[in-house]
Each structure stands twice: as structure tokens, then as C-alpha cells.
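Peer 1: Pasting a structure here, questions to come.
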Amino acid sequence: MKITAIIFLLFLVACSSSDKKFMDYSHLSEPTDRDYIDHLASVGADYLANDETHEVQLRPDSLQYLDQIYERIVTNNELLFTHEFKPHFHVIKNKTPFIFSLPHAQFFMSSGLIEKYLKSEELFVAAIATEILKSDRNIYEKRIMIPLGFYNTEKMIQMTRLKQETKYQVNEWTYIVLKRSGYDPTAFLNWIQVQNRNTLDFSLHLGDAIGISKEEHSFKNFMTKQGAVGVEKKINEANSSKAFYKLLNNITSSK
């Protein structure tokens, strides 16, 4: 999918010479979509290197579980996904609930999000599935990016936030992706509703508290057209797997 926003990638290169004239870069071509995606992917390392970013040390069994979710989603949607990169999951020690992705299969979520709001495996998978879709299909708005070498959580979320109309389409694709993977696609509605009921906590993640209500309304209409049953279904935490509970234990015990 192409994002229609037409914004140029900005590289600031300052050069000087003995005669005080700048070098001529007019022969260089405009950055391509791939240039932008590769550059966006590269800031993940800068974010993790930030002194304010502290990762949960995920155990091998936790990483294996996350990889299995990724593989299940990707392999059951081969016509949609490229499966070009090995996934890397990062849980950040932060009470603020957030989740975002970067190109090249990089996924970031806060411990606060999982501990407080994603205690059910169905919700957890629904939240991750949409990020897998965005990362693999490179669904990111083009924004002016100045290489800073310093990126905090707020900046990362701002760079990866989608426009409302784009989110509507991504949500619909996520429903189909979950269904094809054998997961309950209606759980994605519950994930949207969690954000809508807790807009104050999710203010950093959402950016616009009003937009999430419209997002829920749009997704309900889509589900109705799909003939989905159980739109107001209540998530049952008891249905979660042992592997999911081990991941929760890994995260909660890392404080």
C-alpha cells in the first residue's frame, strides 16, 4: 500500500571549503521510498541506545513464543507478507502503554501496556498483528526526518503514527490477517475498545483521543459487513496459553 502524503526526506549535510563556498549536490537524485524506509528502520538502534530506554531481558522461551506468533501470521498470509526479515521484539520498561513498529520486522511495546491492558492472549496477538502488517508492508507516513542520533519514545511514536483514514484500512486488513491465521479476528475490536475506554492513559500512543472513537465506529461497520458474530464479545483471559503466561511472568518479574 502506498501512503499518499508527499513529504520529502531531509538530509542535512553541512560542508565548508577554504573559499567559503558550499559543494554542489544538485546532481544527486531525490531519496526513494526505499531510502526512507531503510532510514526509518535504522533509528531503532538509536532508540534502544537512548539512556532513557530500558529493555526487559526476554528469556529464550519468550522470544520463541513471539517468533511463533510472527511465523503463524506471516505463513498463513503468504500473498500479503514478504517475510523478508527476521523479527526482533523489544519490551521497554515503561508504565505508559504503547506499541509501535519499524520497518525490517522491528517491534516495540511497553511493559505497562502488557501488564495492565494485554493480559489476554487474544488481545496481545491482535495488537501485535497490526504492527506486523505495518512493518512487513512498510505502511508508514513519509515525514521529514533529520538524523538526530537521539530518539525517545515520544519521538518514535510520532514518527510511526498513521493518519486516520490509513488506520481504517490497516484495521480491516488486520481483521483478515487474524482470521486467516486461525486467531479470533473480533479480538481486534476489543483492542480498539481498550484504547477508547482509556484515552487518558493512551494519549501518547493515540495522539488524538477523538480519533479512536471514530476508529471503533468504522471497524464495527466493517465487521457488520463481514457478518461477524459477537461484536461485543468479552475477552476471557483463561483462554490464554501457557506460553503467553510465561511471557507475562518474564515481564512482571523483570522489575
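Peer 1: Whole-Hz Karplus ³J(HN,Hα) for segment 97-112, in order, using 6.51 cos²θ - 1.76 cosθ + 1.60 and θ = phi - 60°, x for Gly and Pro?
Peer 2: So the J values, rounded to whole Hz, are x, 7, 8, 8, 9, 10, x, 6, 6, 10, 10, 10, 8, 8, 5, x.
Peer 1: Then there's this: What's the whole-number percent of alpha carbon pairs in segment 111-194 lying beyond 17 angstrom?
Peer 2: 53 percent
Peer 1: Give the aspartates and glutamates whose C-alpha is closer than 17 Å to that of K214, dropping any in the same chain fewer than 8 places away, or say none.
Peer 2: Hits, sequence-local ones excluded: E165, E172, E232.
Peer 1: Could you tell me the number of lysine pairs in segment 102-189 with C-alpha atoms less than 26 Å from each other, where the two lysines are 8 or more residues apart or belong to different chains?
Peer 2: Lysine pairs meeting both conditions in segment 102-189 amount to 19.
Peer 1: What list of whole percents do you get for P(r) of segment 63-220, with Cα-Cα distances grouped in 10 Å bins up to the one holding the largest distance?
Peer 2: In whole percents, the pair-distance histogram is 10, 43, 39, 8, 0.
Peer 1: Here's another thing I want to ask about it. What spacing in nm lies between the two simple spin-label points modelled at H217 and Y168, each 7 Å away from Cα in the Cβ direction?
Peer 2: Placing both labels 7 Å beyond Cα along the Cβ direction yields 1.1 nm.
Peer 1: Using 0.36 nm per residue of separation minus the Cα-Cα distance, give me the extension gain between A228 and S253 in nm, one decimal.
Peer 2: So the chain would gain 5.2 nm between A228 and S253.
Peer 1: Continuing with the same structure: Karplus couplings for segment 49-56 from phi (6.51 cos²θ - 1.76 cosθ + 1.60, θ = phi - 60°), rounded to Hz, Gly and Pro as x?
Peer 2: 7, 4, 4, 8, 9, 10, 8, 6
Peer 1: Below 13 Å, Cα to Cα, which aspartates and glutamates can K246 reach? Residues fewer than 8 away in the same chain don't count.
Peer 2: D61, E115, E121
Peer 1: Could you calculate the FRET efficiency of E78 with F150 from 1/(1 + (r/R0)^6), where r is the beta carbon distance between them and R0 is 45 Å, rounded to 0.05?
Peer 2: Taking R0 as 45 Å, the efficiency between E78 and F150 is 0.70.
Every number in this text was worked out from the coordinates using simple rules, so none of it is lab data. Quick caveat: nothing in here was measured; it's all calculated off a predicted structure. Here Cβ is always computed from backbone atoms with ideal geometry, including for glycine, and neighbour counts include all displayed protein chains.
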